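Single-structure report; data block below.
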Amino acid sequence: MPEIRLATDADIPALRDLFEAGVYEGQVQINDTGADIEQLHEAYFSAAAAGSFWVAEQNGDIAGMIGVQRLDDSVAEVRRLRVRPQFRRQGIASALMEHAIRFCRDHDYLKVVLDVRVERQPAIQLFEKFGFYLSQVREQDGRRTLDFFVDLYSDLRSE
């Protein structure tokens with residue numbers, strides 16, 4: 001299994017490469033600049049962001065990444081889930097999602113949202129595995145994006 005750790009400024013070049021690969025593969029919206037990756041602290045670790053950003057390392061290489069940002073006091077957004085092609089289908093995306101969801105629970109978020117392009121079927125299956133539900137389909141510039149959510153407050157009632 002990969003080692004999941006907090007991202008640092010030293011990781012930014014590798015994170016930028018992962019982001020750029022997502023642009024090339026059509027996973028990222030054309031108007032998305034990835035500026036949050038260049039400014040990790042402000043975008044994810046600051047008090048205002050109330051989130052975090054992690055990398056998955058496998059054999060010394062950054063194999064994947066994921067971030068969480070606060071949308072409001074009770075809602076967080078999972079962002080930038082990416083796994084390098086050579087590391088896919090090895091459980092890395094699942095490990096990153098588990099880490100992000102645990103963070104959201106530990107920080108008392110009641111709902112987690114994310115979006116994904118309709119073409120990313122493996123990602124959609126992963127999100128459904130983690131209990132995410134489709135809330136809406138958006139179309140922009142001829143591309144369909146799916147918005148998903150999971151309610152974490154329902155977990156609290158069953159404890």
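The values are calculated or read from the model by the stated rules, or taken from the named source; none is laboratory data. All values reported here derive from a predicted model rather than from experimental measurement. Here the Cβ is made from the backbone with ideal geometry for all residues, glycine too, and neighbour counts use every protein chain on show.
Residues in the range 32-89 that are of a type in the set (Val, Ile, Thr) and surrounded by 13 or more Cβ atoms within 10 Å (Cβ to Cβ) were compared, and the one that is nearest to Thr145 (Cα to Cα) is Val78.
Quick check on the range 48-60. Is at least one of its residues within 16 Å of Arg5 (Cβ to Cβ), assigned to a loop (DSSP other than H, G, I, E, B) and either among the aliphatic types (A, V, I, L, M) or under 13 Å from the mean Cα position of the chain (by Cα) (or both)? First the steps, then the outcome.
Initially, the range 48-60 is screened for residues within 16 Å of Arg5 (Cβ to Cβ), giving 51-60.
Going one step further and asking which of them are assigned to a loop (DSSP other than H, G, I, E, B), we end up with 51, 59-60.
Still in the list and also either among the aliphatic types (A, V, I, L, M) or under 13 Å from the mean Cα position of the chain (by Cα) (or both): 51.
Yes, the range 48-60 has at least one match.
When the range 86-135 is filtered for residues that are of a type in the set (A, V, I, L, M) and in contact with a Lys or Arg (Cβ under 7 Å, 6 or more places away or on another chain), only Val118 remains.
For the range 65-90, residues that are on the phi > 0 side of the Ramachandran plot and in contact (Cβ under 8 Å) with a residue 60 or more places away in the chain total 1. The single residue among Glu98, Glu128 that is of a type in the set (Asp, Glu), over 20 Å from Ile62 (Cβ atoms) and surrounded by fewer than 15 Cβ atoms within 10 Å (Cβ to Cβ) turns out to be Glu128. Of all residues in the range 116-152, those satisfying the criterion of being among the acidic types (Asp, Glu) and under 15 Å from the mean Cα position of the chain (by Cα) are Glu128, Asp147.
Considering the range 63-104, and only residues there that are in a strand (DSSP E or B) and small (Gly, Ala, Ser), the residue that is nearest to Ala43 (Cα to Cα) turns out to be Gly67. Scanning the range 105-115 for residues that are surrounded by 19 or more Cβ atoms within 10 Å (Cβ to Cβ) and part of a strand (DSSP E or B), we see that the one that is farthest from the chain's Cα centre (by Cα) is Val112. I need the full set of residues from the range 91-100 which are in contact (Cβ under 8 Å) with a residue 60 or more places away in the chain and within 18 Å of Leu6 (Cα to Cα), in order please. If the condition is that a residue be in contact (Cβ under 8 Å) with a residue 60 or more places away in the chain and within 18 Å of Leu6 (Cα to Cα), then Ile92, Ala95, Leu96, His99 are the ones that fit.
Conditions tested, residue by residue: (1) out of contact with any Pro (no Cβ under 7 Å at 6 or more places or on another chain); (2) closer than 23 Å to Leu6 by Cβ; (3) among the small types (Gly, Ala, Ser).
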| site | (1), (2), (3) |
| --- | --- |
| Arg102 | yes, yes, no |
| His107 | yes, yes, no |
| Lys111 | yes, no, no |
| Asp115 | yes, no, no |
| Glu119 | yes, no, no |
| Leu126 | yes, yes, no |
| Leu134 | yes, no, no |
| Val137 | yes, no, no |
| Gly142 | yes, no, yes |
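Scanning the range 1-48 for residues that are modelled with pLDDT under 85 and polar (S, T, N, Q) returns Gln27, Gln29, Asn31, Thr33.
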